[in-house]
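The values are calculated or read from the model by the stated rules, or taken from the named source; none is laboratory data. Note that the coordinates shown come from a computational prediction; the quantities given were computed from them, not determined experimentally. Methodologically, a virtual Cβ is constructed for each residue, glycine included, from the backbone with ideal geometry; neighbour enumeration extends over all protein chains shown. For accessibility, only protein heavy atoms count, side chains too; no ligands or nucleic acids. Shrake-Rupley method; radii C 1.70, N 1.55, O 1.52, S 1.80 Å.
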Amino acid sequence: MRTTPRSTLRAAALVAAASLLLPALVPTVAAAGEPGGHGSGSHEPAGHANGSPFRTQPTLVARATLSADFLAEGPESGAAVTPANGRSGPFAGQVIPGFSAMVDNGDGTFWAQPDNGFGAKGNSADFLLRSYLVRPHWETAGGGSGEIEVERFISYNDANGVLDFPIVHDGTVERLLTGADFDIESVVRAKDGTLWVGEEFGPFLLHFSADGTLLEAPVPFPDGKSPANPYLAPGETPLVPSSRGFEAMSASKDGRFLYPVVEGALANDADPRRRWIYEFDTRRGEYTGQRWAYQTDMPADVIGDAFTVGRHELLLIERDDFQGAASVIKRVYRVNLDRTDSDGFVQKELVLDALRVENPHGIDAGEGYGLGETFALPVQSFETVLQLKDGRLLIGNDNNYPGNAARVPGTPDDTEMAIIDLRRVRATDDGVTVVGHRGASGYRPEHTLAAYETAILQCADYIEPDLVATKDGVLVARHENEIGGTTNVASKPEFASRRTTKTIDGAGITGWFTEDFTLAELRTLRAKERIPGTRPQNTAFDGLYQVPTLDEVIDLARNSRTCDGAPVGVYPETKHPSYFDSIGLSLEEPLVATLRANGLDRAGAPVIVQSFEVGNLVELNELTDVPLAQLISNSGAPYDLAAAGDPRTYRDLATPAGLAEIATYADGIGTEKSVLIPRRADGTLGTPTPVIADAHAAGLEVHGWTFRRENQFMPVDYRSSTDPNATGDLVREIQTYLDAGMDGFFTDNPDLGDAAVSSR
């Protein structure tokens, strides 16, 4: 807002986004006109000669599945599995519980490796560790069966007697390995055809011959053991949490170095978002001592797979542990090990959000959640990514049979393989700012990363975190500092004594307050729907998500792209700044420090800071160059002005003189929508006020709030019925305000907001 017109800023952002996403991931891809080809693969400028930018549009071009109930030959398996989704063991053959890793043979077949079977040592002793040769018969726009054919397999074994600890098949000649012996998760084929496998019980690196025989003793991890490690000494503290070993591993292009990645945070790491990428020298048979830090979007996220795409460049899957509609992070990032940020983390660039992939051909549309006009892979264990020779990505899942049911509740997930084309399309700028109000709070509990990600998937340009402070001065996203209505704190007996009454901005409020909790204590709580009577469907997500920090919200935004290809913006609101100043927890300085730490404390950054108070915006005007917005309600006055005896009200701020004054310290206004178009006495929408024109004359942009789909929040003439919670005509309401000159708006329903903009 402040120094450059929005259209210029947006165009620049689109060009920047294109330059990040469009360079080829490998030196050679199919030429234009060849199957799957979309360019030469050179690092060409992100646009044509006329300067029009492009964006990457991930598009589903092929998909194949293997039935969850498929059984490979072999002895019974799953005798000890926990029954789920109508299935219980033992099963009359070897279950294939999805694929945790794959190797591309380049001839249309893949070696596909399941993990240890059923998730634990105790229930996987009858599961044989194998790698299956599979041939997908792709369903594409031109047809195809969409089935994965299993041709044969190799069995991992210790026939040479390398292991010096007991295994399930100790007394046999073949010494076949089982899921009680190792938890294999990743695989790399060496130049000589041997296989390097990363596993999680050690965690170990395992070296097998091409036919599956263990060649040498397991290579131990240098920085600790897991609880399942057979060499864990009595009393020794395991530093690798259970099932958090080498889920991901890739190799250098020449095959000499392996890059195993620890799936979760090490137990002795103070940063729960740090994951380590290690380097192992296969020629010397030892770790090199080199490692790189990677920061996840959320503390509980794990690394699902890795694939090398260039010298020191890797694709990494980052995923959460949710499935179906609860999914938040199912992403592929590219990292360059030679590039780190100021905090020492490798810089990551979004390549694919697997929750938003275009499906123009309708491949398997209607067959389950995430299969429609857009394709999503909302499975719990998104664990496979390969880049094919033509530059497209192959992604797949571990189905955790029989427990996962992301697609169809009550039905075990099939194993999936999908090919995604990262095609380039021309970017457009509609000129309207759509803000996900507290995220997509009409669909997920507000101020959670799930709500913010949903807003991004629904084409919001900005996401809005309201900011309050914890006892230890960390800014977190909550609508209010009172959290009894938005978290499960009332159900926590250990915090019962912290319920109290405080005076906030002149009003007495009883409950639990963020400033009485450290961040660590707040992390033990989970969010819940604030207005369950209005949005009962959102209560399905109660108890799932943590309260995010501002830093996490910013990281999610800056690692995301809008539907137009621009960086997702952040629109933070400082809540009750005078109150927080009075208790020694100023909001402004940590806000600016967080922006600066994320490279966003600059003019032109996709950030707008807003406040209902005046004084803190005047202060922020001196502290930062990011755009500022004065919030204007339809009644009352800014608390800091009232507390100081200043007679000005919000009505005064909305006059030509008031707007001119705002323009001396801010770049726009965010107004309650009735300030722009009031309602008549009968509740219908009236005539626009001069506020929009007056604000524009003062050089200010105008954003309206809050547009919600439920009838109770709408003018009478846009309601669908007398049911206050039924859905009204939000698209038409928003369009009426846009026709009056409004530049942008806050909405709980970004999908409908985007529809309102695109259908004008």
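I need the full set of residues from region 205-229 which are under 32 Å from the mean Cα position of the chain (by Cα) and part of a loop (DSSP other than H, G, I, E, B), in order please. Listed by number, the residues that qualify are Phe221, Pro222, Asp223, Gly224, Lys225, Ser226, Pro227, Ala228, Asn229. Candidates in region 642-657 are the residues that are under 24 Å from His703 (Cβ atoms) and not small (Gly, Ala, Ser); of these, the one that is surrounded by the most Cβ atoms within 10 Å (Cβ to Cβ) is Leu653.
Listed by first and then second residue, the pairs linking a residue in region 646-662 that is assigned to a loop (DSSP other than H, G, I, E, B) to a residue that is at pLDDT 95 or above, with Cβ atoms under 6 Å apart and 6 or more places separating them unless they lie on different chains, are Arg648/Leu641; Thr649/Ala637; Ala654/Ile632; Ala654/Val675; Ala654/Val691. For region 299-344, the set of residues classified as buried (at least 20 other Cβ atoms within 10 Å of the Cβ) and either at pLDDT below 95 or assigned to a loop (DSSP other than H, G, I, E, B) (or both) consists of Asp301, Asp320, Phe322, Gln323, Ser327, Val328, Ile329, listed by residue number.
Being of a type in the set (S, T, N, Q), modelled with pLDDT of 95 or more, farther than 16 Å from Asn397 by Cα and crowded, with 17+ Cβ neighbours inside 10 Å: is that true of Asn105 here?
Details: of a type in the set (S, T, N, Q): yes; modelled with pLDDT of 95 or more: yes; farther than 16 Å from Asn397 by Cα: yes; crowded, with 17+ Cβ neighbours inside 10 Å: no.
So Asn105 fails the test.
For region 406-433, taking the residues that are open to solvent by 20 Å² or more (accessible area, probe 1.4 Å) and among the small types (Gly, Ala, Ser), the one that is farthest from Asp564 (Cα to Cα) is identified as Gly410.
Criterion first (within 26 Å of Tyr452 (Cβ to Cβ) and open to solvent by 30 Å² or more (accessible area, probe 1.4 Å)) does Asn749 satisfy it?
Numbers: within 26 Å of Tyr452 (Cβ to Cβ): yes; open to solvent by 30 Å² or more (accessible area, probe 1.4 Å): no.
Against the criterion (within 26 Å of Tyr452 (Cβ to Cβ) and open to solvent by 30 Å² or more (accessible area, probe 1.4 Å)), Asn749 does not qualify.
Of all residues in region 116-137, those satisfying the criterion of being part of a loop (DSSP other than H, G, I, E, B), open to solvent by 10 Å² or more (accessible area, probe 1.4 Å) and within 20 Å of Asp158 (Cβ to Cβ) are Lys121, Ala125, Asp126.
When the strands (runs of 3 or more DSSP E) confined to region 389-438 are screened for residues that are under 30 Å from Ser77 (Cβ atoms), those reaching at least 3 such residues are found at 393-398, 415-426.
Conditions tested, residue by residue: (1) open to solvent by 30 Å² or more (accessible area, probe 1.4 Å); (2) in contact with a strand residue (DSSP E or B) (Cβ under 9 Å, 6 or more places away or on another chain); (3) not in a strand (DSSP E or B).
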position	(1), (2), (3)
Val240	no, no, yes
Gly245	no, yes, yes
Ser250	no, yes, no
Glu263	no, yes, yes
Ala267	yes, no, yes
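The set of residues in region 605-645 that are among the aromatic types (Phe, Trp, Tyr) and touching a residue at least 60 places away in the same chain (Cβ under 8 Å) contains only Tyr639.
Residues that are surrounded by fewer than 19 Cβ atoms within 10 Å (Cβ to Cβ) and in contact with a Phe, Trp or Tyr (Cβ under 9 Å, 6 or more places away or on another chain) within region 535-552 comprise Gln537, Leu544, listed in sequence order.
For region 693-716, what are the residues that are in a loop (DSSP other than H, G, I, E, B), farther than 30 Å from Thr534 by Cα and either open to solvent by less than 50 Å² (accessible area, probe 1.4 Å) or among the aliphatic types (A, V, I, L, M) (or both)? Write out each step before concluding.
We begin by selecting, within region 693-716, every residue in a loop (DSSP other than H, G, I, E, B); these are 698-700, 708-709, 714-715.
Filter again for farther than 30 Å from Thr534 by Cα, leaving 698-700.
Of everything in region 693-716, those that are in a loop (DSSP other than H, G, I, E, B), farther than 30 Å from Thr534 by Cα and either open to solvent by less than 50 Å² (accessible area, probe 1.4 Å) or among the aliphatic types (A, V, I, L, M) (or both) turn out to be Ala698, Leu700.
Out of (1) of a type outside the set (Lys, Arg); (2) touching a Lys or Arg at 6+ places or on another chain (Cβ under 6 Å); (3) surrounded by 15 or more Cβ atoms within 10 Å (Cβ to Cβ), the odd one out for Gly686 is which? Unmet condition: (3).
Quick one: is Thr671 open to solvent by less than 10 Å² (accessible area, probe 1.4 Å) and at pLDDT 95 or above? Step through it out loud before you land on a result.
On the way: open to solvent by less than 10 Å² (accessible area, probe 1.4 Å): yes; at pLDDT 95 or above: yes.
So Thr671 fits the description; yes.
Going by what's in this entry, would Phe382 be described as aromatic (Phe, Trp, Tyr) and either in a strand (DSSP E or B) or open to solvent by less than 10 Å² (accessible area, probe 1.4 Å) (or both)?
Answer is yes for this residue.
Residues in region 467-492 that are closer than 22 Å to Thr539 by Cβ and of a type in the set (Lys, Arg): Arg478, Lys492.
Of the residues making up region 276-297, those that are more than 17 Å from Thr308 (Cβ to Cβ), within 18 Å of the chain's Cα centre (by Cα) and part of a strand (DSSP E or B) number 1.
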